[in-house]
Structure formats: structure tokens, C-alpha cells
1. Consider just the alpha-carbon atoms of region 44-158 and return their Rg together with their Dmax, both in angstrom.
2. Could you please rank 195, 81, 282, placing first whichever residue has the fewest other Cβ atoms within 10 Å of its Cβ?
3. Nearest 500 deg cm²/dmol is fine: what mean residue ellipticity at 222 nm does the chain get from its DSSP H runs of n ≥ 4 alone, each adding -39,500 (n - 2.57), divided by its residue count?
4. Which option, (i) 47; (ii) 37; (iii) 17, is the value of percent of Cα pairs over 36 Å apart that was calculated from these coordinates?
5. How do 312, 272 line up, fewest other C-beta atoms within 10 Å first?
6. Run through every distinct alpha carbon pair of region 202-319 and return the Kirkwood hydrodynamic radius in angstroms, one decimal place.
7. Would you mind checking the radius of gyration and Dmax of region 60-110 based on alpha-carbon positions, in Å?
8. Please state, as a whole number in µm²/s, the translational diffusion coefficient that the Stokes-Einstein equation yields for region 255-319 at 37 °C and 0.692 mPa s, with Rh defined as the Kirkwood radius across alpha carbon pairs.
């Protein structure tokens, strides 16, 4: 960072709170050493809209978020590009910016995939971390120069940890709680963070419908479909998959949602079933307990059949 003329930080497409939270954390680090830093994000997804609105309201983040076109104008030979919450070329918000950058650093916690960013000069890749926001919080604590976090920056990082651990229920280690405690001491508030997760009534009803209509497969696996006529139905499907894991006896849940020509699948488990391996059979991936996939040119019913076939194949391999 010290050697760079300016810094760009970029997460994955359809940013979630972990991706944006990590971006904001990198900006705070850059600001502490007097470096200009911008977040590259072409489209503000519904999942992060409330946080972006809070940033606008504060008046302290004006012009921080730029789209890919503006970012391309900023890139020069001394620009440092920091990629967070993904290590895959196909998943970054702007591939043009990635290709143009000469110096790239990657922070991620997802299991390594085939199309990883090979040209990075530094990769901090820790699959056992709860979230990228946790990794960035850890970095902030160990910087030589003390980073003074703004209230919104601390909230964003805590929100990133909260969303990826499902309220500190999965993938939590000692460092996860230490990071949360550090953020709390630096102004983060769990109530404000909770408000970032609120849904509107239509989304809540859609989630309830997906939970209500879930089918049991092999007695302990829930498969369902989320209505696609609500804003950001993919996020609602992911929340429905989380909620299905609260049902006694359910070891894994799979919720499908069709948007345009793509069926998005959200998969969850508590570890007894490795949903990452199931989703990898459908071209997706993720973690042991939280995973997903995207299927193109198929109906929701065909997607459900493919999910069943992938589960059967996985169970046969395990047997």
C-alpha cells in the first residue's frame, strides 16, 4: 500500500455484506496511511443497499464507490488493486480492471477453484476463516499505524462477519470472536448491524412460502423453490435455505430460484452433508456448510432433479 500511487478495492459480482464490508475495511487501512482508495462496484445489489445508503447519509464516503468505467480511468502502473471475498477471475465485479492492473493482492476465505487469479503478487487465502471481513479486521489490528475506524466502517466489518457465520453459528473460531470484540470496542453496534438484515414484507412472505413448500428427500434433506417475483429473490432463497436448517431432523437444505434464464441454488448444512461437494457436481462450490450453484437454460423442476441426482451421487460416494 505504501508503494502504490492509489488503491482500488473490488469484491465479487452481486456484492454481499462480507464483500462490501471487506472493501470498506481496506479503505480504512488505506486512509490511515494517507492513500486514496476507491471501491469498484458496477451495481449496488439489494443485499448491500442499506449499507450504501448509510454511507451516503454520513457524508464521509462521497465518491468512494466507482463503477468499472471510472475505475479504468484511474488505473496506472503504480495502482494497487485489492480483490476481496473471491479469488476467481470470473467472479470479480470488473474483469477489465483486473486485467489492466499491474499489482494485485487477493484476500479470500473460499476453497480454491480452478480459475484463480494467478497474476497476484500477494495472496492471503484462508479457507478456515469465517469471512473475508474477519481477515481484514485481523489485518487492521496488526497494522503498524493505528487505524481509527468510523462507526459505519466498524458496522460494515461486523455485518460481514455476521452474515457469513449466520449470526455466529457456523465457521466460527476464536479469531472470529476476537475480531467481533475488537470491532465492538471500535464503535460497532449489533443493533445497527441487525437492521442491515431486515427484509420487506414481500421478501419475508416469499421466504415463508419457500419454507412451507419444502419437500423432504431421503427423509432428512429439504428441497424447495423460492418465488422469483420479489426483489433480489436470490438473497431470499439463501435466507430460506438458512431457515430450513432450523427444522428438527434436517441435515441439509437446497433452495432454487429462477432469475431470467438462470436457476440459482442455495445449499446449507451443519456439516453432516458436505454441500460444497454436492454443488461442485453442478458447477458451483463454496464451503462445507454454505454453498451454491447456478444452472442455465433449465426450468426450476429440471434444476430440482439435477440437485436430487447430485445428492444421490454424493451419498453413494460417501457410502
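1. Here Rg and the maximum Cα pair distance are 15.1, 41 Å.
2. Listed from fewest to most nearby Cβ atoms, that is 195, 282, 81.
3. Rounded to the nearest 500, it is -13000 deg cm²/dmol.
4. Given (i) 47; (ii) 37; (iii) 17, the calculated one carries the label (iii).
5. Working: 312 13, 272 10.
Exposure proxy ranking, most exposed first: 272, 312.
6. Working: mean 1/r = 0.0732 Å⁻¹.
Hydrodynamic radius (Kirkwood, Cα only) of region 202-319 equals 13.7 Å.
7. 11.4, 32
8. 282
Throughout, read-outs are computed from the coordinates displayed, never taken from laboratory work. Just so it is clear, the structure is predicted and the values come from calculations on it, not from any experiment. Note: ideal-geometry Cβ built from the backbone for every residue, glycine included; neighbour counts use all protein chains shown.
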